[in-house]
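Undergrad: Here it is: the structure, laid out below.
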Amino acid sequence: MADNTQKMSYQAGETKGQAQEKASNLMDGADNAAQSAKESVQEAGQQVRAKTQEAVEGVKNATGMNK
């Protein structure tokens with residue numbers, strides 16, 4: 001009986017460890033996805049900023065304000 005209890009306890013520990021590892025992997029994946037999204041948004045913002053600056057310069061040139 002004690003042998004069976006020890007085996008069940010060991011299996012419960014194994015299952016707990018596997019669940020923790022899976023949870024950790026999921027969190028790592030979510031963290032990587034969030035970082036990637038952040039970088040994409042920053043890049044898009046930089047592109048919008050550059051295009052806006054180009055448009056401002058174009059308007060200045062067209063109106064003669066860039067002299």
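The values are calculated or read from the model by the stated rules, or taken from the named source; none is laboratory data. If you're wondering where the values come from, they're calculated on a predicted model, not measured in any experiment. Please note that ligands, DNA and RNA were not included when accessible areas were found on the heavy atoms of the full protein model with its side chains. Shrake-Rupley method; radii C 1.70, N 1.55, O 1.52, S 1.80 Å.
Undergrad: Quick check: convex hull of the Cα atoms in the chain, volume per residue, rounded to a whole Å³? Before the final figure, lay out each step's value.
TA: Working: hull volume 2.8 nm³, N = 67.
Taking the convex hull of the Cα positions in the chain, it is 43 Å³ per residue.
Undergrad: If each residue of separation counts as 0.36 nm, what is the full-extension length gain between residue 51 and residue 18 once their alpha-carbon separation is subtracted? Walk me through the numbers before you get to the answer.
TA: Details: separation 33, 0.36 × 33 = 11.88 nm, distance 4.95 nm.
Taking residue 51 through residue 18 to full extension adds about 6.9 nm, to one decimal.
Undergrad: Note the angle between two axes, namely the Cα long axis of helix 2-63 and the longest principal axis of the Cα atoms of the chain, as a number of degrees from 0 to 90, rounded to the nearest 10.
TA: The angle comes out near 0 degrees.
Undergrad: Quick one: length gained pulling residue 35 to residue 5 fully straight, 0.36 nm per residue minus the C-alpha distance?
TA: Numbers: separation 30, 0.36 × 30 = 10.80 nm, distance 4.49 nm.
Gain in length upon complete extension: 6.3 nm.
Undergrad: Can you pull the percent of the chain's accessible area that's carbon plus sulfur, 1.4 Å probe, other chains left in place?
TA: Details: 3340 of 6070 Å².
Its accessible area is 55 percent carbon and sulfur atoms.
Undergrad: With each run of n ≥ 4 DSSP H residues scored as -39500 (n - 2.57), what mean residue ellipticity at 222 nm is computed for the chain after dividing by its residue count and rounding to the nearest 500 deg cm²/dmol? Kindly include the intermediate steps, with their values, before the conclusion.
TA: Working: 1 runs with 62 residues, N = 67.
The per-residue figure over the chain is -35000 deg cm²/dmol.
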